[in-house]
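Let me begin by presenting the structure, written as structure tokens, before commenting on it.
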Amino acid sequence: TYEDGSTLYEEHDIDEPDHDGTLRITDLHLQPDAIANPDALEAIATSDMIVLGPGDIYTSVIPNLCVSGISEAISKSNATIVYIMNLMTKFGQTYGYTASDHVKAFDRYIPGKITHVIVNNAPIPKEAVTLYAQSNEEPVVDDLKNTPYRVVRTDVMSRYLVEKQKSDTLIRSLIRHDSKKLSDVLLSLIDRV
């Protein structure tokens, strides 16, 4: 549901909006309801670390928190909860969002539970910024100051632009997080816990 009261029901309508993509999403829920697998709830209860992201927050990450039982399990968890900040905003989902806006979106589903935020501090290639601007998307601005969570600012971006396959009809990210760099950061956090 968007701030103007309109509601969309399909992921592709959010990802590739025919509506005003600058509107903010105010509520997200699954239809039909989904119930968490007991094994998933047990894994959350016994986890040392829970990692959220990266990914489109309203079509990839937060929907997992809308599965009945998941947000409650995370809220009861003593795990370190890490959010990996997206590199770019997403038109139709997070247009104009700063880093703090991203975290606030998660706070609606797991209030005050994020303990760490990983933010890329490497410069994004101008070629990528120019291409994203054509879709009304831009680098996420790091405005995380005086926060209750630990912000880890480091280079976690891949150096390679992803080339779209001609047969691919979906809109895909051109830049991505580097999995090796992310795993190194996450392992360093586990060592400190």
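Remarks
- Which listed pairs, of K76/K181; K104/K126; K145/K181, have C-alpha distances above 26 Å, in listed order: K76/K181; K104/K126
- Within a straight-line Cα-Cα reach of under 12 Å, K90 can be paired with the following aspartates and glutamates, leaving aside sequence neighbours fewer than 8 residues apart in one chain: D15, E16, D56, E137, E138.
- Label point distance in nm, D107-D184, each placed 7 Å from Cα along Cα→Cβ: 3.2 nm
- Debye-sum result for the chain in log10 I(q)/I(0), which assumes one identical scatterer on each alpha carbon, at q = 0.09, 0.13, 0.17 Å⁻¹: -0.34, -0.74, -1.26
- The heavy atoms of R159 present about 130 square angstrom of accessible area, all protein chains included, probe 1.4 Å.
- FRET E, pair H12, E72, Förster distance 22 Å, beta-carbon r, rounded to 0.05: 0.15
- Region 71-130: Rg to Rh, with Rh as the Kirkwood radius over Cα pairs: 1.05
- Long-range HN-HN contacts of H177 with modeled amide H, under 5 Å: S158
- Debye log10 I(q)/I(0) for region 20-132, one point scatterer per Cα, at q = 0.09, 0.19 Å⁻¹: -0.26, -1.04
- Value at 222 nm in deg cm²/dmol, rounded to 500, when DSSP H runs of n ≥ 4 in the chain each add -39,500 (n - 2.57): -7500 deg cm²/dmol
- Full-stretch length increase - D143, D155 - with 0.36 nm per residue and alpha-carbon distance subtracted: 2.6 nm
- Exposed loop sites here mean GluC sites (Glu not before Pro) with a DSSP loop assignment and at most 14 other beta-carbon atoms within 10 Å; the chain contains its longest site-free run at 11-162.
- Within the accessible area of the chain (1.4 Å probe), percent carbon and sulfur: 50 percent
- Over the chain, accessible surface divided per residue gives 56 Å², non-protein components excluded, 1.4 Å probe.
- Neighbour cut-off at most 16 other Cβ (10 Å), DSSP loop, chymotrypsin sites (Phe, Trp or Tyr not before Pro), region 1-91: Y9
The values are calculated or read from the model by the stated rules, or taken from the named source; none is laboratory data. Quantities reported herein were computed from a predicted structural model and do not represent experimental measurements. Note that we place each Cβ from the backbone using ideal geometry, even for glycine, and neighbour counts take in every protein chain shown. Please note that ligands, DNA and RNA were not included when accessible areas were found on the heavy atoms of the full protein model with its side chains. Shrake-Rupley method; radii C 1.70, N 1.55, O 1.52, S 1.80 Å.
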